[in-house]
Amino acid sequence: MTLPIDPAQIDPDDIGATQTTLEMAHEEAIEHVREVFTDAGFGVPVEFSPSELLNEKVDADRDPYYVLGACNPAVADRALTASDGKLGALFPCNVVVWEEAPGRQRVYHVSIMRIARLVGVAPDDEEMADIVAETGDLVDAAFEEL
């Protein structure tokens, strides 16, 4: 299979890549990220630890890694309508927290709204541009509080 786009040519801004580092314990960082994203207007309906699962199932010996599935219901509803339901395959908007070193956590997010537009899951029109801008503002506000 040939990819329709060259991943090496994608600028992190094209996919809304946002990240920061928190100087705190892993569990404390998870709680902090959850609280900040909730305060910024997101719900967190899905959470799981791939590291715990992989360590248990395949003895992966992974450092702590946690996924918070964040969702702003009003924006999600608009995105589903704008994409004829297709964007739901990428829901929720994940924010990941992984331990780089004890007491040092990386928080990372990419915009599923931007990615959906890049790969053709969502239209490249004004409505989707408004949705991308709104979700970007919400994520930026959350990261400013981290």
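The values are calculated or read from the model by the stated rules, or taken from the named source; none is laboratory data. Because the structure is predicted, anything quoted here is derived from the model rather than measured. Methodologically, a virtual Cβ is constructed for each residue, glycine included, from the backbone with ideal geometry; neighbour enumeration extends over all protein chains shown. Side chains are part of the model used for accessible areas, which takes the heavy atoms of the whole protein and leaves out ligands, DNA and RNA. Shrake-Rupley method; radii C 1.70, N 1.55, O 1.52, S 1.80 Å.
Here are the numbers:
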{"item": "Selection count, region 42-64, where residues are at negative phi, over 17 Å from the mean Cα position of the chain (by Cα) and open to solvent by 60 Å² or more (accessible area, probe 1.4 Å)", "result": "8"}
{"item": "Residue match in region 51-71 (condition: outside any helix (DSSP H, G or I) and under 15 Å from GLU145 (Cβ atoms))", "result": "yes"}
{"item": "Exclusive hit being at pLDDT 95 or above, assigned to a helix (DSSP H, G or I) and within 12 Å of the chain's Cα centre (by Cα), set VAL97, VAL139, VAL132, VAL107", "result": "VAL139"}
{"item": "Region 5-18 residues that are at positive phi, paired with ones that are among the β-branched types (Val, Ile, Thr) and assigned to a loop (DSSP other than H, G, I, E, B) (beta carbon under 9 Å, 6 or more apart)", "result": "GLY16/VAL110"}
{"item": "Any chance ARG114 is basic (Lys, Arg) and more than 15 Å from the chain's Cα centre (by Cα)", "result": "no"}
{"item": "Unmet requirement for ASP39, which otherwise passes all of (1) in contact (Cβ under 8 Å) with a residue 40 or more places away in the chain; (2) surrounded by 15 or more Cβ atoms within 10 Å (Cβ to Cβ); (3) within 25 Å of THR135 (Cα to Cα)", "result": "(2)"}
{"item": "Residues satisfying the stated conditions in region 1-28, i.e. open to solvent by less than 50 Å² (accessible area, probe 1.4 Å), of a type in the set (Val, Ile, Thr) and in contact with a helix residue (DSSP H, G or I) (Cβ under 9 Å, 6 or more places away or on another chain)", "result": "ILE15, THR18, THR20"}
